[in-house]
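Take a look at the structure below.
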Amino acid sequence: MNVLAIGASRNIGYYSSLRLLAAECTVTFMLRSPSVFDSDEAIQSHIKSGKAHLSKGDALVQSDMKRAWDEASTHGNVDLLLFTVGATQASFNLFKGFVISPANLVTQALLNILCTMPTQDSPPKSIIISSAGFNHSSYAALPLLMKPLYAYLLKGPLKDKMGAERAIAHCTGWNWDTEHDGEPSDEIMGQGWTERKGLPAKGTLKNVLVIRPVMLTDGECKAEKKENTAGYRVKAGDIAGGWTVSRKDVAHFVANAALNRWDEFSDKCISIAY
């Protein structure tokens, strides 16, 4: 499997990529700073074996994104897009909660990716990491004590996740509940975003899996310690009563879904929690 990984210098994307590389996949990492892996022995060993490749670029720059697709395509058709972009730094504002810059980081990076996706005989699978709590139904499923955190502290980043899911819903033709969730603002989407050159026409994008984790932790991978269960719960749509899940367990699910269970999870939104 030939993989293009965006946002995989750390966390879910990084752990997922290591699992894919261990399964003999080829992974091209798009990185703003390829030097981030200079002292990473695991990645360096895969670079030496010819399985891992580094592409310098910024997903917020459309020409950089086009180059990353081209570089990944030198290893054959891209079989999987792994998109795990998220804010690594956020400032705190007393009135706005956590603030990321730009406010539409995830949405605009994803739109650039979709607008530069190459035409192939077999379109790539796409795995997109989103978040629980970004819309009406997902917020309602959160534990009561977590709702203030999502409604206040995380409202800025969640608006960005909402924008990314709105772009996916448009391109896939999935239902979008405008009555309850509204439409993301032009600040998030950009004016006339549905008319952007190269954006897949409404309802034409297939083979997409959106994953909505609850609150992420840096804990161990529980799935590796369970003999008869996955160690985490997954459910199509929203998952009730989920408090946390570790990044390593989300990565376990990403790799398993991509390699072994794609027919089960393709073209779905899946929530994941303990």
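The values are calculated or read from the model by the stated rules, or taken from the named source; none is laboratory data. Only a predicted model underlies this, so the values are computations on that prediction, with no experimental measurement involved. Reconstructed Cβ throughout: ideal geometry from the backbone, glycine too, with neighbour counts over all protein chains shown. Surface accessibility is based on the protein's heavy atoms, side chains included, excluding ligands, DNA and RNA. Shrake-Rupley method; radii C 1.70, N 1.55, O 1.52, S 1.80 Å.
Descriptive notes on the structure:
- Among the conditions (1) within 26 Å of Leu205 (Cα to Cα); (2) at pLDDT 95 or above; (3) out of contact with any Lys or Arg (no Cβ under 9 Å at 6 or more places or on another chain); (4) aliphatic (A, V, I, L, M), Ile47 misses just one, which is (1).
- Condition met for Leu158 (buried (at least 16 other Cβ atoms within 10 Å of the Cβ), in contact (Cβ under 8 Å) with a residue 60 or more places away in the chain and closer than 27 Å to Leu80 by Cα): no
- All positions within region 187-222 that are among the basic types (Lys, Arg) and either touching a Phe, Trp or Tyr at 6+ places or on another chain (Cβ under 9 Å) or open to solvent by less than 30 Å² (accessible area, probe 1.4 Å) (or both): Arg212, Lys222
- 2 or more residues within 14 Å of the chain's Cα centre (by Cα): qualifying strands (runs of 3 or more DSSP E) within region 185-273: 208-213, 268-273
- Flag not set for Asp121, criterion: over 18 Å from Asn207 (Cβ atoms) and open to solvent by 50 Å² or more (accessible area, probe 1.4 Å).
- Restricted to region 61-72, and to residues there that are crowded, with 16+ Cβ neighbours inside 10 Å and not acidic (Asp, Glu), the residue that is nearest to Ser101 (Cα to Cα) is Gln62.
- Selected residue (only one of Leu31, Leu54 is open to solvent by less than 10 Å² (accessible area, probe 1.4 Å) and touching a residue at least 24 places away in the same chain (Cβ under 8 Å)): Leu31
- Odd one out for Asp238 among (1) closer than 23 Å to Asn207 by Cα; (2) modelled with pLDDT of 95 or more; (3) charged (D, E, K, R): (2)
- Close pairs (8 angstrom Cβ cut-off, 6 or more residues apart or separate chains): over 12 Å from Gly242 (Cβ atoms) in region 134-145, open to solvent by 70 Å² or more (accessible area, probe 1.4 Å) anywhere: Phe134/Lys159; Asn135/His180; His136/His180; Ser137/His180
- Candidates in region 172-184 are the residues that are outside any helix (DSSP H, G or I) and among the charged types (D, E, K, R); of these, the one that is most open to solvent (accessible area, probe 1.4 Å) is Glu183.
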